[in-house]
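A short worksheet on the structure shown next.
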Amino acid sequence: MQEFPILLHCDGDEELVTAKQFAGHVPSEFKNIEYVKSRNIKRCFMIFYDNSHKNRFFKKLKVIFRFHCGSVFTNVYEYKNVLIAISPLGAPAAASLMEELALFGIEEFIAVGSAGCLNENYKDKFILVDKAIRDEGLSYHYLKPSVYVEPDLELTNRFEDYLKTNKLDYVRSATWTNDAFYRETRQKVEMAINLGAVAVEMECAAWCAVAKYRNLKFAQILYFSDVVKQENWSRIVQIKKGYDSSVKDLILDLVKDMAVKIS
């Protein structure tokens, strides 16, 4: 019986194109590699923020890198002694961003992103990811097939210390990484819940896999933007009062604080 292509894992099979080779063809996009290394910047926060180039905070920062994703560009900024990357949506693009930022000498990646809530008991909490269900495609090109992939334990524990110290309401749990937003079916949702997931998103398992394969550290915290139930789907109220337009402003404030405090 022929193996399904997605399950064909080729240990030691060298890739035909690398991020380093790609950078060599567009050196102008990667011109700040030596600058970032000279600054000894090792950590990057990856966030999702619409129109960051119009935001007053980001306008004051140095653009280190413009990540090219098809017809879309997203910026990577220098802030204090970290980078803040505006991540694209979905596993392939997000994983490519990690691969290319590793060329700049980044060794630790912390993602803060939105997710769908699978358990309404947690809808007002942050989720500190301790494992991701691999229901996307990209991770299978990096790691052997498995149900779960885990973020870096040491970095996740450091993240947890920060959440505790700052008295942020969170739960440490699994997430379901699914790259087919419009095929989140009742049966799939039930499967994810039975496997322990309280959240669903589109990047975590891929980031975990790339980080493990490239010997990088990765951790993720999630906040909820919607509720996914077997009966229906709905938007959600925001996490905290005082941020009328979007929880993304709250998340940005959180990232700015973490950039200073997480050692």
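The values are calculated or read from the model by the stated rules, or taken from the named source; none is laboratory data. Computed from a prediction, not measured in an experiment: that's the story for all the values here. Glycine also receives a Cβ, built like all others from the backbone with ideal geometry; neighbour counts cover every protein chain displayed.
Computed quantities for the displayed model
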{"read-out": "Checklist (1) at pLDDT 95 or above; (2) assigned to a strand (DSSP E or B); (3) surrounded by fewer than 18 Cβ atoms within 10 Å (Cβ to Cβ); (4) not basic (Lys, Arg) applied to residue 154, failing item", "value": "(2)"}
{"read-out": "Options 160, 107, 100, 136: the member that is acidic (Asp, Glu) and over 29 Å from residue 6 (Cα atoms)", "value": "160"}
{"read-out": "Among (1) of a type in the set (S, T, N, Q); (2) surrounded by fewer than 19 Cβ atoms within 10 Å (Cβ to Cβ); (3) within 18 Å of the chain's Cα centre (by Cα); (4) modelled with pLDDT under 95 - the single one residue 75 does not satisfy", "value": "(4)"}
{"read-out": "Residue check, residue 120 touching a Leu at 6+ places or on another chain (Cβ under 7 Å), charged (D, E, K, R) and under 30 Å from residue 167 (Cα atoms)", "value": "no"}
{"read-out": "Unmet criterion (only one of (1) assigned to a strand (DSSP E or B); (2) of a type outside the set (Ser, Thr, Tyr); (3) surrounded by fewer than 24 Cβ atoms within 10 Å (Cβ to Cβ)) for residue 188", "value": "(1)"}
{"read-out": "The range 184-197 residues that are in contact (Cβ under 8 Å) with a residue 12 or more places away in the chain, paired with ones that are part of a loop (DSSP other than H, G, I, E, B) and surrounded by 15 or more Cβ atoms within 10 Å (Cβ to Cβ) (beta carbon under 7 Å, 6 or more apart)", "value": "189/118; 192/118; 193/118; 197/118"}
{"read-out": "Residue match in the range 119-140 (condition: small (Gly, Ala, Ser), within 16 Å of residue 198 (Cα to Cα) and modelled with pLDDT of 95 or more)", "value": "yes"}
{"read-out": "Residue match in the range 134-149 (condition: surrounded by fewer than 20 Cβ atoms within 10 Å (Cβ to Cβ), small (Gly, Ala, Ser) and either over 30 Å from residue 29 (Cβ atoms) or in contact (Cβ under 8 Å) with a residue 40 or more places away in the chain (or both))", "value": "yes"}
{"read-out": "The range 195-252: number of residues that are within 15 Å of residue 133 (Cα to Cα) and at pLDDT below 80", "value": "0"}
{"read-out": "Checking residue 107 against (1) surrounded by fewer than 20 Cβ atoms within 10 Å (Cβ to Cβ); (2) at pLDDT 95 or above; (3) over 17 Å from the mean Cα position of the chain (by Cα), the condition it does not meet", "value": "(3)"}
{"read-out": "Matching residues, the range 44-72, being crowded, with 19+ Cβ neighbours inside 10 Å and either under 15 Å from the mean Cα position of the chain (by Cα) or part of a strand (DSSP E or B) (or both)", "value": "44, 45, 46, 47, 48, 49, 64, 65, 67"}
{"read-out": "Residue within the range 21-28 that is over 19 Å from residue 95 (Cα atoms) and polar (S, T, N, Q) present", "value": "yes"}
{"read-out": "Residue identified as surrounded by fewer than 20 Cβ atoms within 10 Å (Cβ to Cβ) and either in contact with a Pro (Cβ under 7 Å, 6 or more places away or on another chain) or within 24 Å of residue 224 (Cα to Cα) (or both) among 32, 119", "value": "119"}
{"read-out": "Subset of the range 1-21 (residues that are aliphatic (A, V, I, L, M), closer than 24 Å to residue 65 by Cβ and surrounded by fewer than 10 Cβ atoms within 10 Å (Cβ to Cβ))", "value": "16, 17"}
{"read-out": "Members of the range 1-37 found to be of a type outside the set (Val, Ile, Thr), over 30 Å from residue 147 (Cβ atoms) and not in a helix (DSSP H, G or I), listed by number", "value": "27, 28, 29, 30, 31, 32"}
{"read-out": "Odd one out for residue 89, checked against (1) modelled with pLDDT under 95; (2) over 30 Å from residue 59 (Cα atoms)", "value": "(2)"}
{"read-out": "Count of the range 112-134 residues which are assigned to a strand (DSSP E or B) and in contact with a Phe, Trp or Tyr (Cβ under 8 Å, 6 or more places away or on another chain)", "value": "13"}
{"read-out": "Residue 35 closer than 27 Å to residue 202 by Cα and not β-branched (Val, Ile, Thr)", "value": "no"}
